[in-house]
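Okay, structure first, notes after.
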Amino acid sequence: MSFSDIVTLAPFVAAVLVAAAIIVVDFIAPGRKVPALAVTFIGLALVAALTVVTGQTSSTAFNGAYVVDPLTTFLDMLFVAIVALTVAFAPDYLEQRTLPVAEFNAVLVFAMSGAMLLAGSADLLVLFLGLELMVLPGYVLAGYHKSDGFSTEGAIKYFLLGSFSSAIFLFGLAFVWGLTGTTRIEGVSQSLAAMAAGGAALSPGLGMGLAFLTTGVAFKIAAVPFHYWTPDAYQGSPTPVTGYLSVGPKVGAFALIIRLFAGALGPLAADWSIMFMVLAALTMTLGNLVALTQDNVKRMLAYSSIAHTGYMLVGFAAFAAGQIRGMEGLLYYMAAYTFMNLGAFGVVSALQKRPGITSNLSTFAGLIRREPKLALLLTLFLLSLTGIPPTAGFFGKFYVILAAVEAGQTSATGGWMTGLAILAVLNAAVAAFYYLRVVVYMFMRDQAGDVPVLRHGRLVWAGLAVTAAVTVVLGLFPNVLLDIVGKAAAAIG
Amino acid sequence: MTALSGLPLVSIITFLPLVGAIVIAFTPSGRPNVARYTALAFALLTWVVSLGLLVSFVATNGDFQFVETQSWIPMFGIQYKVGVDGLSLVLVVLTTTLTWISILASFSPIQNRVKEYMISFLVLEVGMIGVFVAMDLFLFYIFWELVLVPMYLIIGIWGGRNRIYATIKFVLYTLVGSLLMLVAILATAFTYETVTGSWTGAFDMQALTAFAAQGNLAGTFGVVAFAAFALAFAIKVPMFPFHTWLPDAHVEAPTAGSVILAAVLLKLGGYGFIRLAVPLFPEAAQTWAPVIIVLSLVAIIYGAIVALVQPDLKKLVAYSSVSHMGFVTLGIFVFQQQGMQGAILQMVNHGLITGALFLLVGVIYERTHDRTIAKMGGLGAKTPVYAAAFGFFVFASVGLPGLSGFVGEFLVLVGTFTTSPAAAAVATFVMILAAGYLLWMFQRVAFGELSDFLKGIGDHLTDLRPVEALTLVPLGALVVVFGLFPGLILDLIAGSVTHALAAVQQAAPIALGLWR
């Protein structure tokens, strides 16, 4: 280990230190929210600055086990944004339930450090390390509301299935290691390329490995049919945590997929691309169909997040079929999804600020009268999630579908990719139904009984302003991100 | 060109209503009249500017004028590019005219949440104008979808008893069509990129039309992509069998919503056919033409027959729309100068006449809170001015020579006759049916003794108020003017029609062997 290793790893190190600092501050001023928040935000700003600075040049650390390239930088910045927004939305909600804010922030920042490690990993072991460091705090957060039975139930389900899938994933990694003799992603890729060049069929061992790995990551991104943990874990968790869980670990898991499948297993793309096509088709269709029947908005958003996984997988499938634009589309979609989905959850958690308020549709009845700003913001986020222009969600879908259409006209599996593109837009129409249902409640129905107007903290408004602004800007002026996404995708393609 | 040519007039017209919407958002919420008059002021201003555009437009050829180009997403060659040719211009002016009339007509019926209503209406206007002036497919699509949201709110918030069902049906129908169109747009753009090796112009309508004229979008690809475009437009028009959202939406929408829906929103579909579907896929358009012509005839007959048995005034007018819009698609797909000119004229006429009919139905509904034809009767004696106005527009809708409705349908029939006499014969026969259902309806409403139901209304049953007359007079005047001087419009659109037809005449139809 040399000094340059540490410099390359600086954002990650900084993230860990920030998390530690939050705990220390909480020791000094126990239970005080302002110092904890201040340290968190300053720390996150620092991490972001370091990420930008180290991202200026591509470099590797620890003999090539960790890599900083435009993809790492892009993902790291996304993680910082996710955590910062979650930290902005959470305190209002947590305080009312007498849950500690500082610990929440610290756990969240630890999760972020794991995601950052994952994003830059160039070695299978580092990859797994990052993955676990990212998901373990997630289990804690899911059960953060200790006295709430649903929160605990969700957390246990999440934990059991999460560790189960981690084990499966690790098993798959072992196969890959056994057959290639290395854990370096570069090495695995070269070794597999040599095998693939020989023209030999996929060996049974490697086939097993692929199957385990795919299953493992499918659990992590909550792809159908490996999604069963999602609705309970999402509905049971405190709402700001649900927002985080639906975005953070998902983006992280996609980082894992990109590094592992596009990077290490790239030479075998012909073998695994079909699996991702099937996963994409199943995931978006089933996620949407089940979301149709939900009366609880939080649960509906949980299922809809499954559907969004499906759209992202369409981009990845297009990449697997040879279109670099598929990767660009996936990255763009991840960014768009991050802001619109966090925004939507931000509104829901603001509405649920007072304990005892459910996230049923009835809570949203007549919201335009009661809290017009929140109603309008939620409408924006829901329109974006539907994919109506000019919003980020629209351009994300545009990009992903464009990639699928391109793959449809150029690749060997063309017909299937075109079919996937059509399936994706039909799904978007289905999704319109349940997203607009919330809008119907907010605008077109009157509230039952007297519901008090809640006051929301400045942080919540700031968070909502940021998510709304980004949602609109990414829709109207996609240029701001296209270059970045292009470079990030080029790093892996 | 005049002094106006230095200004970005088209953008001004497009976004002026948006400025109005933003201004209204900042007006105090307890003062509905402020919102009303601000909205009216901006709508009138937009109208005036659009008239300025009309005056400075040079109607010599089919080229686009007042073109503004601004780089937007260079990576995909997407531009902010707007401009008008004769066809766009006519429809833009139709939109701006009907918008201020609709807003004026909403003054008294809309009493709650006036501010939101006016904002929705102005945003709707932005979307509608945008669709007509966009010269970039991406921009076109954005405006196309932008129309959806305010209309969804207008029906869903200020509509009738079944409004939520109707509005969701409206959105879902439209969205399915437009999303499939999005796939086709992307596939087309990508084909352009593959062949030319560059994204520059891949979304530019003019570049794509030139590209298509070289036969690059022919073959099976064209047949499928045309189908996707055509589906989106057919749902909007609406063509049989995709029309089922229309009666629901019309019946539930507030009066002004119905007016703008009939007058402008349906025209988006017809416009799409002429501007995009036909020039981009001239080969496939000919392949599909027999299907579309048959469906148009079905719509013409079916709409008329169903209108004949409607007990509800508004539903009757809605079904008559299906029938009248059938003439539009028929006229387009006979690929013949008179036919297509007639189709465009029919779009304008239908906008004016059906818009007026919905206004008139709204007037009686506001007084009686009922639209059942069987409960009406004897309005001719009780409210003579109203009955006279109603009669005027009924006759215009029937196609009385001298009024504009006649010219459009006549041209469509002439055009159809040269290519398919049988289709023309069927369509002509239906004009008799149209006379049947419209005149029968008018007779039941206006003639005879004053019905018991209307007697029960008593003094509330007043004749047309000045404001209501003010909304109807311009429409009536235009109906007369275009009826006597259709050349006013025909000269404007001749170039656009020639362009659209030139594409078809150069291209050989794709023989699929399916329907020969």
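Taken together, the values in this text are just the output of simple stated rules run on the coordinates, not laboratory data. Just so it is clear, the structure is predicted and the values come from calculations on it, not from any experiment. Here the Cβ positions follow ideal geometry from the backbone for every residue, glycine too, while neighbour counts run over all protein chains shown.
Figures for the structure shown
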item: Overall dimensions of chain B by Cα: Rg and Dmax, Å; result: 22.1, 74
item: Averaged over A:435-446, number of beta-carbon atoms from partner chains that fall within 10 Å; result: 4
item: Point-to-point label distance, A:Lys487-A:Thr57, nm (Cα→Cβ direction, 7 Å offset); result: 1.5
item: Whole-number percent relative contact order across chain B, with pairs defined as alpha carbons under 8 Å at least 6 apart; result: 16
item: Euclidean distance of C-alpha centroids, the stretch A:211-237 and the stretch A:1-74, integer Å; result: 29
item: Charge dipole magnitude, Cβ of K and R +1, D and E -1 - the protein assembly as shown, Cα centre, debye nearest 20; result: 1640
item: Exceeding the 27 Å Cα-Cα cut-off - candidates B:Lys267/B:Lys382; A:Lys157/B:Lys169; A:Lys33/A:Lys157; A:Lys220/B:Lys169; B:Lys81/B:Lys115; B:Lys115/B:Lys169; result: B:Lys267/B:Lys382; A:Lys157/B:Lys169; A:Lys33/A:Lys157; A:Lys220/B:Lys169; B:Lys81/B:Lys115
item: Whole-Å semi-axes of the ellipsoid equivalent to the stretch B:379-516 (Cα gyration tensor, √5λ, descending); result: 41, 20, 12
item: Phi to ³J(HN,Hα) by Karplus 6.51 cos²θ - 1.76 cosθ + 1.60 over the stretch B:402-413, Hz, x for Gly, Pro; result: x, 9, 5, x, 5, 4, x, 5, 4, 4, 4, 5
item: Global geometry of the stretch A:268-493, whether rounded, prolate or oblate, following the gyration tensor of its Cα atoms and the 1.5 cut on a/c; result: prolate
item: Phi-based couplings in Hz for the stretch B:461-468 (Karplus 6.51, -1.76, 1.60; Gly and Pro marked x); result: 7, 8, 6, 3, 7, x, 4, 5
item: Which of A:Leu85, B:Leu45 has the fewest Cβ neighbours within 10 Å, and the rest in rising order; result: B:Leu45, A:Leu85
item: Estimated [θ] at 222 nm from DSSP helical runs (n ≥ 4, -39500 (n - 2.57)) normalised by residues in the protein assembly as shown, nearest 500; result: -25000 deg cm²/dmol
item: Neighbour-count order for A:Lys220, A:Lys157, fewest beta carbons within 10 angstrom listed first; result: A:Lys157, A:Lys220
item: Under 16 Å from A:Lys298, Cα to Cα: lysines that are on another chain or at least 8 residues apart; result: A:Lys353
item: Alpha-carbon centroids, the stretch B:248-303 and the stretch A:274-294: separation in whole Å; result: 33
item: Charge dipole (debye, nearest 20) of the stretch B:211-365; +1 at Cβ of Lys and Arg, -1 at Cβ of Asp and Glu; result: 140
item: Cα-centred dipole magnitude for chain A, charges only on beta-carbon of K, R (+1) and D, E (-1), debye, nearest 20; result: 960
item: Fewest-first ranking of A:Ser246, B:Ser420, B:Ser178, using other Cβ atoms within 10 Å as the exposure measure; result: B:Ser420, B:Ser178, A:Ser246
item: The stretch B:421-500 and the stretch A:445-493: distance between their alpha carbon centers, rounded to Å; result: 48
item: Tilt relative to chain A, helix A:10-28 - C-alpha long axis, 0 to 90 degrees, to 10; result: 30
item: Cα gyration tensor category, rounded, prolate or oblate, for the protein assembly as shown with a/c compared to 1.5; result: prolate
